[in-house]
Amino acid sequence: MMDFRWSNEATKNQFELFHKLTKQGWRIELEDIDQLGNGYWQTDDVTGLPIPNQRLNSFGDVSLVTWSTYVYPPKAVDWVEDLNASFNSPLEAYEWLAPRLSKYAKKCQREKK
């Protein structure tokens, strides 16, 4: 575990799971996706500030940066589609991923026996 005191018990528990599975060979990735590059946002010509694309994202529902989860079981080449999703923050991603990953990993262990 990391060398600091956790203030957020839920995040600590999520990372204990992530650490445990990583040590067993699982690969857990969180990718940041710049929605400016994807066309959901654009740069204002006058101010240089990001503004939502008025056709695709007029109310800014898609965040400027989103985060996507990718999980690879031990020795797997492809990520698990059921554990892939996009979020507005890393913590939101961890909160969503941890219970699903725990359930999926337990199912994989049962199937090995």
* Net +/- balance of residues flanking ALA76 in space, Cβ distance below 14 Å, scoring K and R +1, D and E -1 -> -2
* Please identify the trypsin sites (Lys or Arg not before Pro) of the stretch 1-101 that satisfy two criteria: DSSP loop assignment and at most 13 other Cβ atoms within 10 Å. Which are they? -> ARG5, ARG55, LYS75
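Assign unit charges at the C-beta atoms only (+1 for Lys and Arg, -1 for Asp and Glu), then state the dipole size of the chain relative to its Cα centre in Debye, rounded to the nearest 20. Working shown, then result.
Numbers: 14 positive and 16 negative charges, 213 e Å.
Dipole of the chain, to the nearest 20 debye: 1020 debye.
I want the local charge near TRP26. Using Cβ-Cβ distances under 12 Å, sum +1 for each Lys or Arg and -1 for each Asp or Glu among the other residues.
Residues near TRP26 contribute +3 overall.
Order the following by accessible area, largest value first: PHE4, PHE59, PHE15. Probe radius 1.4 Å; ligands, DNA and RNA are ignored.
Heavy-atom accessible area, descending, gives PHE59, PHE4, PHE15.
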* **Debye log10 I(q)/I(0) for the stretch 1-87, one point scatterer per Cα, at q = 0.14, 0.15 Å⁻¹** => -0.70, -0.75
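With only Lys, Arg, Asp and Glu charged, each at its Cβ (+1 for the first two, -1 for the last two), find how big the charge dipole of the stretch 11-64 is about the Cα centre; round to the nearest 20 debye.
Values: 5 positive and 8 negative charges, 87 e Å.
In debye, rounded to 20, the stretch 11-64 gives about 420.
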* Hey, what does the equivalent ellipsoid look like for the stretch 59-113, semi-axes from the Cα gyration tensor as sqrt of 5 times each eigenvalue, largest first, whole Å? -> 27, 12, 7
* For ALA85, which sequence-distant residues (separation of 5 or more, or a different chain) have an amide H within less than 5 Å of its own amide H, given hydrogens modelled in the peptide plane? -> THR69
* Return the calculated 222 nm mean residue ellipticity for the chain, to the nearest 500 deg cm²/dmol, obtained by summing -39500 (n - 2.57) across DSSP H runs with n ≥ 4 and dividing by the residue count. => -11500 deg cm²/dmol
* To do: Please calculate how many Å² of accessible area the chain carries per residue, with a 1.4 Å probe and no DNA, RNA or ligand atoms counted.
  => 71 Å²
* Asked: Over the stretch 1-93, what percent of the accessible surface lies on carbon and sulfur atoms, probe 1.4 Å?
  -> 50 percent
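The values are calculated or read from the model by the stated rules, or taken from the named source; none is laboratory data. Just so we're clear, the structure is a prediction, and the values are computed from it rather than from any experiment. Cβ: placed from backbone, ideal geometry, glycine included. Neighbour counts: every protein chain shown. With ligands, DNA and RNA removed, areas are computed over all heavy atoms of the protein, side chains included. Shrake-Rupley method; radii C 1.70, N 1.55, O 1.52, S 1.80 Å.
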